[in-house]
1. What distance in nm separates the two pseudo spin-label positions at VAL106 and TRP200, each 7 Å out from Cα along the beta-carbon direction?
2. If you fit an axis through the alpha-carbon atoms of helix 114-125 and take the longest principal axis of the Cα set of the chain, what angle between them do you get, 0 to 90°, nearest 10?
3. Taking springs between alpha-carbon atoms closer than 10 angstrom, which of ARG214, ARG35, ARG318 fluctuates most in the Gaussian network model of the chain?
4. Arrange the residues ARG133, ARG32 by how much accessible surface each exposes, largest first, with a 1.4 angstrom probe.
5. Can you pull the percent of region 242-314's accessible area that's carbon plus sulfur, 1.4 Å probe, other chains left in place?
6. How much of the accessible area of region 66-177, probe 1.4 Å, is carbon plus sulfur, in whole percent?
7. May I ask you to list the residues of region 191-210 whose amide nitrogen lies under 11 Å from a point 7 Å from Cα along the Cα→beta-carbon direction of VAL242?
8. Under 5 Å between amide hydrogens, which residues at least 5 positions from TYR68 or on another chain qualify, with H placed 1.01 Å from N in the peptide plane?
Amino acid sequence: MADSAPPLPLDPPQHNARRPPAPGRRTSLGQRIRRDKVMLLLALPGLLYFVVFHYVPLLGYMVAFQDYQPYLGYMHSAWSGITNFTAAFSQPAFWSATANTLEIAVIQLVFFFPVPIALALLLNSVVSDRVRRFVQSVVYLPHFIGWVIIVSVFQQILGGAGLLPDLLGSLGLPRYDMMSDPDAFPWLLTLQLVWKDAGWGTIIILAALLNIDRQSYEAAALDGAGPTRRLWHVTLPGLAPVIILLLILNLGQVLSVGFEQILLQRDAVGPGAGEVLDTYVYFHGIRDNDWGVAAAVGLVKAVLGTALVLGANKFAHRLGHEGVYRGADR
């Protein structure tokens, strides 16, 4: 009987081979950097932009705790503690501006936020690509028009000598100047915002609609679901992560309701209805050289906006959605 062949030698252990992390073992920071180095390099220009123009200016919030004098600068201005905060909180104009800001923010959140979603759903239902592209071009156009022009257009239509008051007068009805009505001011701002940015806001929604699996629509249709049931059980659940993400980001800007838009129309309705936190900072802080109060109000806005984003993101996690971010993979 022939001798059996000798066993092949085992390969020497590869000590330098990169091994995947064991299940349940946390991935180190260095491993994640090496794994995602290409994506990190692509994100580097955007990161530098935010660092230079958003994070470095945060140092200016030191003014909120100083008796700031521009000719002395940050380093030599006297520290005043929370004096600027108490000065702002003790002014009735601050609380009036806060109430106006919240009123406008709630109205815009309720009546403007759903409009781009509804408009995107309507555009997505258009069968003809040529008609869809034409409508998209028309509704995108107002986004590139400045607020000065938009306010002028609304003045020519809704102002005291505008088209609508003239039409009402010709019909024997009382003339109505919406541009100078303090009670209608929040609704006027929302109407202008819808006309300007509703079309632009459909871009993200339309992109999200393209990611919904078409087989889900086919399966729902085979099960007898009509257009309405497909909308409720396929389309809206597919859009839910994007809608929640946009809602959380809007909450972070809830106290910023459009400085330029309101500044152009504030005098027509008076400070009682047209003063918001942004215009309060400009008139009572920058224009009157009360830099500390202006910075204090800005810091309050930033803290509240951050708290709203973090709280809404945590609530989205509890509902099972991604939200804005999740913790690092383990």
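The values are calculated or read from the model by the stated rules, or taken from the named source; none is laboratory data. As the structure is a prediction and not an experimental result, all values here were calculated from the model. When we count neighbours, we look across all protein chains shown, and the Cβ atoms used for this are built from the backbone with ideal geometry, even at glycine. What goes into the accessible areas is simple: the full protein's heavy atoms, side chains included, and nothing from ligands, DNA or RNA. Shrake-Rupley method; radii C 1.70, N 1.55, O 1.52, S 1.80 Å.
1. 2.7
2. The answer is roughly 60 degrees.
3. ARG35
4. Highest to lowest solvent-accessible surface, that is ARG133, ARG32.
5. Taking all protein chains in place, region 242-314 shows 65 percent carbon and sulfur surface.
6. Using a 1.4 Å probe with all protein chains present, region 66-177 comes out at 71 percent carbon and sulfur.
7. What the label zone holds, given the 11 Å backbone N cut-off, is 202-210.
8. GLY292
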